[in-house]
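Here the structure is laid out as structure tokens; the discussion comes afterwards.
The values are calculated or read from the model by the stated rules, or taken from the named source; none is laboratory data. These numbers were taken from a predicted model, which means no experiment stands behind them. Note that we place each Cβ from the backbone using ideal geometry, even for glycine, and neighbour counts take in every protein chain shown. The area values use the complete protein model at the heavy-atom level, side chains included, leaving out ligands, DNA and RNA. Shrake-Rupley method; radii C 1.70, N 1.55, O 1.52, S 1.80 Å.
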Amino acid sequence: MGLRLGDTAPDFEAETSQGPIKFHEYIKDSWAILFSHPDDYTPVCTTELSAVALSSADFKSRGVKLIGLSANDVASHHGWIKDIDALTNGADPLDFPIIADKERKISVLYDMLDYQDATNVDAKGQPFTVRSVFIIDPAQKIRLTLTYPASTGRNFPEILRVIDSLQLGDKYKITTPANWRTPGGTEKVIVHPSVQGEKVKELFGDDVEVVYPYLRFTSDPSKKDKAQ
Ligand code: BEZ
């Protein structure tokens, strides 16, 4: 059976572009994003890794450690990282490790291999990885899984948006609505369904708009913290 939300992220040891790591030691008590891409020196992957390098400050400011993965060796990663850094004009050198999973041990452990796209294979016909994302919390539990095909580059602002939603929800007993913090969407959040009775006023004061008894909007509580 595949990995599910709430499972402990499996631990592993791996060679990476920044030397050997033990995964749980690497993430320690941070949030982490483990993400795979199909292959080094490929166009969509190159745009993805340079986009992540350019937003590395956004991940750091949220306490998130990044770690990439593909079924290539360390030497290949090092050569390709030079191309990625040249693309971003060295403005934001890629500063997180990329796992060298040539033997596909971690790809199998995390169910990242492509079994539907016969073009996404190496010279021996072995499947490459797809574009998987795992968001892992400081308790090392999996909080999001996402799988994109090789043909489609991911939307990293969306992944940052999910991190914001998870971190806010863990702290304030709220959930976030459709299109939250997107153009045309809303900044308001939703009172968690488990918050009932006197607790509603205790946690959110009078700032609750009841659309239905089960749909109650409130302002982003972190903004009030910042204003104090
Ligand atoms: C790419 O990154 O462009 C790519 C990689 C593997 C298959 C298709 C596209």
- Note on the structure: Computed on Cα atoms, Rg of the stretch 156-228 relative to 2.2 N^0.38 Å comes out at 1.09
- Query: What is the sum of charges around Glu103, taking Lys and Arg as +1, Asp and Glu as -1, for the other residues whose C-beta is under 11 Å from the C-beta of Glu103?
  - Reply: 0
- Message: Give the residue list of chymotrypsin sites (Phe, Trp or Tyr not before Pro) in the stretch 89-138 that are DSSP loop and have at most 10 other beta-carbon atoms within 10 angstrom.
- Response: Tyr115
- Query: Within the chain, what's the longest stretch lacking GluC sites (Glu not before Pro) that sit in DSSP loops with no more than 15 other Cβ atoms inside 10 Å?
  - Reply: 1-102
- Query: Which length gain, in nm to one decimal place, applies between Leu144 and Ala75 when the Cα-Cα distance is subtracted from 0.36 nm times their residue separation?
  - Reply: 21.8 nm
- Query: What lysines could a cross-link reach from Lys82, if we take a straight Cα to Cα line under 27 Å and drop same-chain neighbours fewer than 8 places away?
  - Reply: Lys22, Lys60, Lys65, Lys102, Lys105, Lys124
- Length-normalised contact order of the stretch 13-154, Cα under 8 Å, at least 6 apart, in percent, tallies to 32
- Magnitude of the Cβ-charge dipole (Lys and Arg +1, Asp and Glu -1) of the stretch 30-183 about the Cα centre, nearest 20 debye, reported as 620
- How much accessible area per residue does the stretch 13-154 have, in Å², with a 1.4 Å probe? 45
- Query: Looking only at Cα atoms, what is the convex hull volume of the stretch 150-198 per residue, in Å³?
  - Reply: 103
- Query: In whole percent, how big is the carbon plus sulfur part of the accessible area of the chain, probe 1.4 Å, protein atoms only?
  - Reply: 54
- Probe 1.4 Å - accessible area at Val211, Å² to nearest ten: 70
- Query: So what does the Cα-only Debye profile of the chain read at q = 0.07, 0.09, 0.14 Å⁻¹, as log10 I(q)/I(0), no solvent term?
  - Reply: -0.27, -0.44, -0.91
